[in-house]
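Notes follow the structure.
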Amino acid sequence: MIITMNKTILAISGSLREGSSNTQLLTLLGTWAPAAINYQIYTGMGGLPHFIPMAEGKAYPAAVQNLHQQLNAADAVIICTPEYAFGVPGSLKNLLDWTVAAGNFVDKPVAVITASSQGNYAHPSLLTTLGAINAHIIEGATLLIPFIRAKMDTGGHVIDAATEKELRLVFDNLLKAIKG
């Protein structure tokens, strides 16, 4: 696939855990990005304050301003998250809540991967939240990967051929959505 202009994809892991399978998957996807793609993994989620609706005219905290800047600069977003207690991790939901008033996801092309032991609850919940904030969820760019730890080695490589094929399809569909 030829991408004629430099484009930016912001990758967001729903896990703050060091060595997370989700962060490893996002790192792997970054190695698949064409040279014309500026692929960045967002690292500020752990520093975001708890969401509090801001009064009109008040400045956002610096960490939130940084999040907004990175999202606004991105041509697309890819989110890869685990499931915690049958839902979306609180830190990821907090991040998404901070984007509501700013509209950072409105019409933004988004790919969604849920990689967890199960993921049957977090995946549709995340898709619902992204729909509520008007993200443009790319057709063919969503994937639920149950039993992720059995499908990856300790180095962060996918060892299950079917899973790798599905990941490549998700990533290719996201790239198609932003090609210039």
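The values are calculated or read from the model by the stated rules, or taken from the named source; none is laboratory data. A quick note: this is a predicted structure, and the numbers were derived from the prediction, not measured. Here the Cβ positions follow ideal geometry from the backbone for every residue, glycine too, while neighbour counts run over all protein chains shown.
Worth pointing out:
- Pairs meeting the criteria (first residue in segment 153-180 and without any contact (Cβ under 8 Å) to a residue 12 or more places away in the chain, second residue buried (at least 16 other Cβ atoms within 10 Å of the Cβ) and not in a helix (DSSP H, G or I), beta carbons under 7 Å, at least 6 apart or on different chains) are Ile159/Met152; Glu164/Val158.
Quick grid of which residues meet (1) under 23 Å from Glu139 (Cα atoms); (2) buried (at least 16 other Cβ atoms within 10 Å of the Cβ); (3) without any contact (Cβ under 8 Å) to a residue 60 or more places away in the chain; (4) in contact with a His (Cβ under 9 Å, 6 or more places away or on another chain):
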| residue | (1), (2), (3), (4) |
| --- | --- |
| Tyr39 | yes, yes, yes, no |
| Met54 | no, no, yes, no |
| Val64 | no, yes, yes, no |
| Asp75 | yes, yes, no, no |
| Cys80 | yes, yes, no, no |
| Ala111 | yes, yes, no, no |
| Ser117 | no, no, yes, no |
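- Options Thr128, Thr154, Thr114: the member that is out of contact with any Leu (no Cβ under 8 Å at 6 or more places or on another chain) and modelled with pLDDT of 95 or more: Thr128
- Just so you know, in segment 157-180 the residues that are under 19 Å from His136 (Cα atoms) and part of a loop (DSSP other than H, G, I, E, B) include one that is modelled with the lowest pLDDT, and it is Gly180.
- Top-ranked residue in segment 81-137 [being part of a helix (DSSP H, G or I) and among the hydrophobic types (A, V, I, L, M, F, W, C); ranked as nearest to Gln24 (Cα to Cα)]: Leu92
- Residue in segment 84-96 that is buried (at least 20 other Cβ atoms within 10 Å of the Cβ), among the aromatic types (Phe, Trp, Tyr) and more than 12 Å from the chain's Cα centre (by Cα) present: no
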